Amino acid sequence: MRDLTLSQEYLLCAVNEKGRLPHLGVERTVCLVAAALLELQLEGCVAVDKKYVTVTGPLPEGQAHLRPLYAFVNRPKPIRKEKLLEEYTYTVTDAQRDELLESIGRSLADLGLVQPVKVGLLGKKKGYAPTPEAISGVVDMIRAELLEGEITEDVVSLVVLMEKGNCLKPYFSAFEQKQMKQRLRALGESPTGKMVQEMVEYVENMMAIAVGLIAVYS
């Protein structure tokens, strides 16, 4: 599954059986946006700090599935994270979120890893339900690497996003989840350990901003 990108792998494990992100709670949506931003950041086309997102280069062809998010942040001045998360989590239409989900979903459908599903009261929206084989591919990769093998940056990022998005429980036993946390903690001051801490702080910053928005919209 390493031929998939971080946002594609995360989406496979984050959607429900109808291929949609749950409406209750914003954690999975926030983590999808975080995964997409991190992917763009690692490709050098956006810069992300604690307050702003700034476009720094053209969108690479390999990240075409993230074009909706890239287009949203591609503006003359940096966009505040609050504004970004507001548009993706607290709007009536969910237009920005749905556009990103559908773009990533279509890229996975082209690979035969999801099945398009009509959802919503009138069937006007689309979901992208992952195949069992697609989910197994991602889960087996995480299990083999984080529980048994050498840990890479991509898998660390994916596990942190899945944990913060409450996505681990359906795929890993309580014992496996405990093993994962112990393995990550055991890395200590190693380069990988520092990377884990940076990733946790990155996602927690996004979550904190989203929680702050709840007070505004409640």
| message | Need the failing condition index for residue 100 against (1) buried (at least 21 other Cβ atoms within 10 Å of the Cβ); (2) in contact with a strand residue (DSSP E or B) (Cβ under 9 Å, 6 or more places away or on another chain); (3) not charged (D, E, K, R), just the number. | response | (2)
| message | Out of the residues in the stretch 175-218 meeting the condition of being open to solvent by less than 80 Å² (accessible area, probe 1.4 Å), small (Gly, Ala, Ser) and assigned to a helix (DSSP H, G or I), tell me which one is nearest to residue 11 (Cα to Cα). | response | 210
| said: Being in a helix (DSSP H, G or I), aliphatic (A, V, I, L, M) and touching a strand residue (DSSP E or B) at 6+ places or on another chain (Cβ under 8 Å) is the filter here; which residues of the stretch 36-87 pass it? | reply: 37, 38, 40, 73, 84
| Here is a list of conditions, (1) touching a helix residue (DSSP H, G or I) at 6+ places or on another chain (Cβ under 8 Å); (2) within 17 Å of residue 127 (Cβ to Cβ); (3) aliphatic (A, V, I, L, M), and residue 95 meets all of them except one; can you say which number that is? | (1)
| Quick check: anything in the stretch 56-72 surrounded by fewer than 19 Cβ atoms within 10 Å (Cβ to Cβ), more than 16 Å from residue 103 (Cβ to Cβ) and β-branched (Val, Ile, Thr)? | yes
| task | Return only the number of the condition from (1) open to solvent by 40 Å² or more (accessible area, probe 1.4 Å); (2) assigned to a loop (DSSP other than H, G, I, E, B); (3) at pLDDT 90 or above that residue 28 does not satisfy. | result | (2)
| remark: Of (1) crowded, with 21+ Cβ neighbours inside 10 Å; (2) over 23 Å from residue 201 (Cα atoms), residue 3 fails just (1)
| One residue from 104, 142 being modelled with pLDDT of 95 or more and closer than 26 Å to residue 170 by Cα | 104
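Going by the conditions given, is residue 161 within 25 Å of residue 26 (Cα to Cα) and not in a helix (DSSP H, G or I)?
Answer is no for this residue.
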| field | Count of residues meeting criterion [within 23 Å of residue 107 (Cβ to Cβ) and either acidic (Asp, Glu) or open to solvent by 40 Å² or more (accessible area, probe 1.4 Å) (or both)] in the stretch 146-157 | value | 3
| Number of positions in the stretch 108-145 that are in a loop (DSSP other than H, G, I, E, B), open to solvent by 40 Å² or more (accessible area, probe 1.4 Å) and aliphatic (A, V, I, L, M) | 3
| field | Residue that is surrounded by the most Cβ atoms within 10 Å (Cβ to Cβ) [pool: residues in the stretch 31-55 that are over 15 Å from residue 89 (Cα atoms) and β-branched (Val, Ile, Thr)] | value | 46
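The values are calculated or read from the model by the stated rules, or taken from the named source; none is laboratory data. Predicted model only: the values in this text are computed from it and were never measured. Neighbour counts run over all protein chains shown; Cβ positions are idealised from the backbone, glycine included. Accessible surface is based on the protein model in full, side chains and every heavy atom, while ligands, DNA and RNA are left aside. Shrake-Rupley method; radii C 1.70, N 1.55, O 1.52, S 1.80 Å.
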